[in-house]
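Working notes, structure below.
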Amino acid sequence: MRKKIVILLVLLSCGLFQAAAQNFGGDPSQLRAFTNSLHQVDEFIKRQNMGIDFADTDSYTGTPYNHPSYLPGNVYKGKDLLATNVALRYNAIADEMEVKESIDTPDKDAKALTKSPDIYVKIGNKDIFVFVPYDGGIEGGGYFQVLMEGNKIDLFKKVKKEFTAAKKATTSITRDIPAKFSDKPVYYIVNKEGKFYELPSSKKKKLKVFAENEKMMKNYVNSNRLDLNDENDLIRAVRHYDGV
């Protein structure tokens, strides 16, 4: 295992060291510390989940990721920018953030970002993902997408996927049905103490989350013809509630 880790560290030194160099002034010790803390250096992302090779996109419909392709983004630790313009993709099935040096880097060279509440990513111009521990520990915790940050509350989304296995044709007049990944997001209101309140799937029941402001929010939603099962409308409604 020690030999394997050393080999991987050498490989990493040729990749993200260059991507982060501008942030550390080229200091080798700081770059090494950055890479060691940022990546799980003892494993590559070469897994076949659900018995499917995710790279074989013809074998399924939908996507197990937040976006089927890697997108450019930044990695932060607190207020510090650790890496800029790296390639990022969230694996919703494994609940892992996959990162590689650039869009042109082969997918096989991607690594899993270390799970830490101190480290978060911004993919593209707006998609922010944070890691939230469970009962103070990493195990059991997970990634959430930050949809809105308010003065009193925030709106988070857990990107979830429902998997339907492939089905072989049963007769000569039927055809094979490929495996399928369907989006099943779950939304949460998060207060400033970090307590999560899961929003129901029902539009009507979502309004009940607003408690004593339910009637006011119902009037706002109806007058603006909002659909609380539509993500953009939900963000608009929660932002209004936060400003009350």
*Counting only residues that are farther than 21 Å from Lys192 by Cα, surrounded by fewer than 18 Cβ atoms within 10 Å (Cβ to Cβ) and of a type outside the set (D, E, K, R), which one in the stretch 115-139 is modelled with the highest pLDDT?*
Gly124
*Name the strands (runs of 3 or more DSSP E) wholly inside the stretch 73-163 in which the number of residues that are at negative phi and more than 14 Å from the chain's Cα centre (by Cα) is 1 or more.*
80-91, 96-100, 127-134, 137-149, 153-158
*asked:* Looking at the stretch 97-113, I want the residues that are surrounded by 22 or more Cβ atoms within 10 Å (Cβ to Cβ) and have a partner that is hydroxyl-bearing (Ser, Thr, Tyr) with Cβ atoms under 6 Å, at least 6 apart or on another chain. Which pairs are those?
replied: Met97/Tyr90
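The values are calculated or read from the model by the stated rules, or taken from the named source; none is laboratory data. Here the structure is a predicted model, which is why all the values come from computation and not from measurement. Cβ coordinates were reconstructed from backbone atoms using ideal geometry, including for glycine residues, and neighbour counts include every protein chain displayed.
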